[in-house]
Amino acid sequence: MTPFKPVLLEAVGVPDGYTLASYRSRGGYAPLEATLKQKQPADVVELVKSSGLRGRGGAGFSTGLKWTFLPKDHPGPIYLCINADESEPGTFNNRILMEDDPHQVIEGIILSAFATRASTAYIYLRYEYPHSWHRLQGAIDECYAAGLVGKNILGSGFSLDIYLHRGAAAYICGEETGLIESLEGKRAWPRIKPPFPAIEGLFKKPTVVNNIETMACVAQIARRGVEWFKSIGVPADPNNPRDPGSYGPKLYCLSGHVEKPGCYEAPLGITLRELVDHFGGGVWKGRRAKAAIPGGISMGLMTEAEFDTPLDFAGPGRVGCLGLGTAAVVVIDDQTSIVDFLHNSCRFFAHESCGQCTPCREGTSWSLRMLERIRAGKGRLKDLDLLLELGNTMGMMPGSTICGLADGAAWPIKNAINKFRGEFEDHIKRTNPGGWMVTDPVPALQIVGAH
Amino acid sequence: MAVVIVDGQEVVLGADERLNCIEAARRAGKEIPHYCWHPGLSVVASCRMCLIETGQRDAATGKVTMVPKLVPGCQTPVKDGTVIVTESEKVKESRARVEESLLINHPIDCPICDKAGECLLQDYHFEHGQPERRADIHAFTSRKRDVGPTISLFVDRCIMCTRCVRFTREVSGTGELMVTSRGAKEEIDIFPGFPLDNKLAGNVVDLCPVGALGDKDFLYQQRVWFLKREANVCGGCSAGCSIYTEHNQDTVYRLKPRENAHVNTWWICDEGRYGWHHLHDSARILEASHRVTQAPGGNGHEALPFQPVEWTDVVTGVRAELTKAGRLAVAVSPMLTVEEAWMLCAVARSIDSQAFLALGHVPVAGDDETFPGGFTIRGEKCPNRKGVEEVLAVFGSGGHSWHDLVAHIAAGHADAAWITAGYPTSWIDQAQAQAFTGLPCLVVQDLFDSPLSAQATWRLPAAGFAERAGTWVNVAHHAQSFRQAIRPPAGVWPEGRLFWNMLGRRGLYDAATIRRELAGQSAALAALGADVPATGVDLRVRQLA
């Protein structure tokens, strides 16, 4: 593959790279100054829209388009919320950005707030990131002192306050309306839509929720321009009118059974195999890969045969996965049981389901109960059908839940059983020779709590 | 004019109606099952029981485009051309799955659950559920904890519809209830040290679609399928909330709010809800009795004992004694129905054409109290002051209050007094009763003994609210008619029956007959001439028309 010089991760490894002085020495905040002096908010919206930037938080929705959903001529306030509740298993790119280059993120936030006419921005940071918290707060304080945040930024007349809010550790707070509810001080139960946050969000005001990495991309687009951004990545599929293309650099989080796990920056569209071989140094201990999670556990599972799929926004969907998600790749070697993998996945979602919608609340817990039993050698073939039925019927896509958490819980179930059904059946028949064919209800096992 | 198509059936909506799919389907006679949705609370769309298929019919071509996924009926507003499908296989499967899910962690302890028989989980399971369990069988726990002085929470029965939580936040505004934990482990709970103890708390039990919230007052008292219900009106205050009196064998077991958009919407207060116990109080006056002369007011003479009297003798005896005594003063209690008050006035005027008629004692406890959801508890603790005032106006005695009557008697303008009361709590003190000392004839009709009844020459029982029939007019001039729910205890004639007989009428007391008669005599009460609907009539509206 062609050599690629990291842009978003430029500050990684630079001594004191997280400071304002260091960021400025790398050209930081100059684009902000130019923008505030010479441009109108609409220009920034147009810039981001034309760059084709798609949200890095998981859904991959066009950032510029999202901003245009805000009501025109709204008297305000309009809020900008930055989603730093990075809780998708396997994902840590936001943490790297916040810890090593917080000013890049903040410049993106100021530019985005200017574009959306927001005068208040909230960063919703997950509880488990104390180091990010200190770095971000330090950077915000530096910005206030330097007049980059606060009243009348750089004499432009534009004012912005940035608040850093620390969550209390729940996966559901990463769902945008769950995040808004949590910011309002409520239980993070995702809201029903419509109204969408752009119309009625935080404190019932128009609100944009963007990811940390998206903000870093906005800063880089302002600095390097649309041409640069569009020169990287995968153009739109001419045969698919609904594909807007996948442009720009992306931070891939590589973990699991590889020799060199880490956060790597690569152009969108790198294949999973290239990522594992080129950046990850191959599968660990000389083993072969069995499967990989393409972008966080909720995106499902790719088999080794599918490793040549490009990791752009459209790629994983072509092999039955939910999508690119957070581009967090977790490699599973051939010594690992898919039953154990699925058990762990179900345990996570049963623990993190917020409990609002019946199908998700009961479905995630039921699937965990079945996996517990299968692992304990008391599985039945019927359980696989039940699991698949649960997987096919819970989620926003069939319409049975409010938010996408249940889709995320369903995809690993569907992918694991559809793609590795033989392994499940072998396991069940081998461990439960006397009972694998039973179809009547069987006694439940005691569930040991996840925490 | 909006047309909605429900399972192929066209329903025409009113011009300014804003309905969701559940309400629109109801118009077509289709019940979309639901747990979390309640018309009086915000929409959360979380139970997912009301998932249906919807679509849109193109006005020009008539072509229907369906939405590919299921949508919650509660959250989806209808507009012209909306197509609702409530009975497709996809919808049925979805309902069966939701029912199955809800039963995975439900104890299914119906035999010992108070809700059995009126439980939505039970009803929907029979209607929409799957015939057999597919989930693993586990030993069920049955945890119960008090969440307030009147309410118990059966934790494992809860299906997490959060109606109760929303009620305390949106209607009572007290916010005692919350959801703790996450996923299948979540539970309804109170904040430590802040019990569910507000004046509307009992409504959460009515809201609960399953047996999770139990009213301690009703718990284990009666199986709901033995209960009969009668549409009634609460007599607790001048709000006149519509209620159901639920009873069995002349015993009231509980009161439930009856939906009435004009009065109480879906709620009643706890004061009203538990305000029926006096009906079955053993201290009630349970027989008519008489003595020849009044007990002397503290001048050393022994009071003559009361002698029980047959009711037929009361009918003639009271009239004879009052006629003999001379100038009559009558207190018309605001606990009486309009019909009873009218008959009382008619009887009084037939005895003494100059009889002094006054409104009886109006009990007041504090000010009106309005809750964030708009529900108001009135400070005036009687149901029919407005109605009695209108009746008194018919007899040319409008404006006389209880205090006027006491002053009238104290001034020696009356030789006899007939005091109707019927208050569930004590209402007159020794000092005020002193004014009636020495009257040759004093008729007192009340639920309980009081300093006044101690001086009576005729001590007659009164009926409780569920034992009456007639019409009450609430503080907002809204008149509601109701029938007798239970028979009074043996030996008690409701006031209506006594007055009816004293007027020399034949047969049984019939409130509707009286209502028609008095409607012809009073412009203010003219609306009562026609049949009064279950939700009542606004007397002022008819006057304007």
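One residue stands out in the range A:313-337 among those that are buried (at least 23 other Cβ atoms within 10 Å of the Cβ) and part of a helix (DSSP H, G or I): the one that is farthest from the other protein chains (Cβ to nearest Cβ), namely A:Gly315. In the range A:318-342, the residues that are on the phi < 0 side of the Ramachandran plot and not assigned by TED's automatic domain parsing to the domain that holds A:Phe424 form Cβ pairs under 6 Å with partners that are part of a loop (DSSP other than H, G, I, E, B) and polar (S, T, N, Q), at six or more places apart or across chains, as follows: A:Val319/A:Thr309; A:Thr326/A:Thr91; A:Ala328/A:Thr91. Scanning the range B:1-22 for residues being under 31 Å from the mean Cα position of the chain (by Cα) and surrounded by fewer than 19 Cβ atoms within 10 Å (Cβ to Cβ) gives a total of 4. Listed by first and then second residue, the pairs with beta-carbon distance under 6 Å, at least 6 apart or on different chains, first residue in the range A:13-28 and buried (at least 16 other Cβ atoms within 10 Å of the Cβ), second in a loop (DSSP other than H, G, I, E, B), are A:Gly17/A:Ala11; A:Ser22/A:Asp16. If you go through the range A:272-283 one residue at a time, do you hit one that is over 19 Å from the mean Cα position of the chain (by Cα), over 29 Å from A:Ile413 (Cα atoms) and not small (Gly, Ala, Ser)? Within the range A:272-283, one or more residues are over 19 Å from the mean Cα position of the chain (by Cα), over 29 Å from A:Ile413 (Cα atoms) and not small (Gly, Ala, Ser). Take B:Ala435 and tell me if it is surrounded by fewer than 22 Cβ atoms within 10 Å (Cβ to Cβ), of a type in the set (Gly, Ala, Ser), in a helix (DSSP H, G or I) and out of contact with any His (no Cβ under 8 Å at 6 or more places or on another chain). So B:Ala435 passes the test. Of all the criteria given as (1) within 13 Å of another protein chain (Cβ to nearest Cβ); (2) aliphatic (A, V, I, L, M); (3) over 30 Å from A:Cys173 (Cβ atoms), the one not satisfied by A:Ala350 is (3).
May I ask you to list the residues in the range B:58-76 that are surrounded by fewer than 17 Cβ atoms within 10 Å (Cβ to Cβ) and more than 10 Å from chain A (Cβ to nearest Cβ)? Passing the criteria: B:Asp58, B:Ala59, B:Ala60, B:Thr61, B:Gly62, B:Lys63, B:Val64, B:Thr65, B:Met66. Does B:Ala463 satisfy the condition of being closer than 30 Å to B:Ala231 by Cα and assigned to a strand (DSSP E or B)? No, not satisfied. Taking the range B:114-126 only, how many residues are at negative phi, more than 14 Å from chain A (Cβ to nearest Cβ) and touching a helix residue (DSSP H, G or I) at 6+ places or on another chain (Cβ under 7 Å)? Matching residues across the range B:114-126 total 3.
So how many residues does the range B:79-105 have that are more than 10 Å from every other protein chain (Cβ to nearest Cβ) and either under 33 Å from the mean Cα position of the chain (by Cα) or free of Cβ contacts under 8 Å to residues at least 24 places away in the same chain (or both)? Here the count works out to 1.
For B:Val252, the test of being in contact with a Phe, Trp or Tyr (Cβ under 6 Å, 6 or more places away or on another chain), among the β-branched types (Val, Ile, Thr) and modelled with pLDDT of 95 or more is passed.
Condition check ((1) of a type outside the set (A, V, I, L, M, F, W, C); (2) touching a residue at least 12 places away in the same chain (Cβ under 8 Å); (3) crowded, with 21+ Cβ neighbours inside 10 Å; (4) in contact with a helix residue (DSSP H, G or I) (Cβ under 9 Å, 6 or more places away or on another chain)) across all residues:
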residue: A:Leu254; (1), (2), (3), (4): no, yes, yes, yes
residue: A:Val258; (1), (2), (3), (4): no, yes, yes, yes
residue: A:Leu275; (1), (2), (3), (4): no, yes, yes, no
residue: A:Arg288; (1), (2), (3), (4): yes, yes, no, yes
residue: A:Ala292; (1), (2), (3), (4): no, yes, yes, yes
residue: A:Ile297; (1), (2), (3), (4): no, yes, yes, yes
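Checking each residue in the range A:373-403 for being within 11 Å of chain B (Cβ to nearest Cβ), in a helix (DSSP H, G or I) and closer than 30 Å to A:Gly178 by Cα picks out A:Leu386, A:Glu389, A:Leu390, A:Asn392, A:Thr393.
The set of residues in the range B:8-49 being more than 20 Å from B:Arg95 (Cα to Cα) and within 14 Å of chain A (Cβ to nearest Cβ) consists of B:Leu41, B:Ser42. Each residue in the range B:74-105 was checked for being more than 30 Å from B:Phe140 (Cβ to Cβ) and part of a helix (DSSP H, G or I), and 2 of them qualify. I'd like to know if the range B:127-134 contains one or more residues that are under 16 Å from A:Thr393 (Cβ atoms), among the acidic types (Asp, Glu), within 12 Å of another protein chain (Cβ to nearest Cβ) and without any contact (Cβ under 8 Å) to a residue 60 or more places away in the chain. No, every residue in the range B:127-134 fails to be under 16 Å from A:Thr393 (Cβ atoms), among the acidic types (Asp, Glu), within 12 Å of another protein chain (Cβ to nearest Cβ) and without any contact (Cβ under 8 Å) to a residue 60 or more places away in the chain. Among the residues of the range A:175-185, those identified as within 14 Å of chain B (Cβ to nearest Cβ) and either among the acidic types (Asp, Glu) or in contact (Cβ under 8 Å) with a residue 40 or more places away in the chain (or both) are A:Glu175, A:Thr177, A:Gly178, A:Glu181, A:Ser182, A:Glu184.
Go over the candidates A:Val44, A:Val7 one by one and state the one that is in contact (Cβ under 8 Å) with a residue 24 or more places away in the chain, β-branched (Val, Ile, Thr) and assigned to a loop (DSSP other than H, G, I, E, B).
On the way: A:Val44 fails: assigned to a loop (DSSP other than H, G, I, E, B).
Just a single option satisfies the conditions, and that option is A:Val7.
Only a single item in (1) out of contact with any Gly (no Cβ under 7 Å at 6 or more places or on another chain); (2) more than 22 Å from A:Leu36 (Cβ to Cβ) is not met by A:Asp100, and it is number (1).
The single condition among (1) more than 10 Å from every other protein chain (Cβ to nearest Cβ); (2) under 37 Å from the mean Cα position of the chain (by Cα); (3) at pLDDT 95 or above that B:Cys110 does not meet is (3).
Considering every residue within the range B:288-302, establish whether at least one is assigned to a loop (DSSP other than H, G, I, E, B) and closer than 20 Å to B:Tyr423 by Cα. Scanning the range B:288-302, I find at least one residue that is assigned to a loop (DSSP other than H, G, I, E, B) and closer than 20 Å to B:Tyr423 by Cα, so the answer is yes. Looking at A:Ala406, A:Ala444, just one residue is of a type in the set (A, V, I, L, M, F, W, C), within 12 Å of chain B (Cβ to nearest Cβ) and touching a strand residue (DSSP E or B) at 6+ places or on another chain (Cβ under 8 Å), and that residue is A:Ala444. Across the range A:353-372, the qualifying residues are those that are in a helix (DSSP H, G or I) and under 21 Å from the mean Cα position of the chain (by Cα), and the one among them that is nearest to the other protein chains (Cβ to nearest Cβ) is A:Thr364. Looking across the range B:147-182 at every residue that is in a helix (DSSP H, G or I) and farther than 18 Å from B:Pro195 by Cβ, the one that is nearest to the other protein chains (Cβ to nearest Cβ) is identified as B:Arg166.
The values are calculated or read from the model by the stated rules, or taken from the named source; none is laboratory data. Here the structure is a predicted model, which is why all the values come from computation and not from measurement. Positions of Cβ are backbone-derived with ideal geometry, glycine not excepted, and every protein chain shown enters the neighbour counts.
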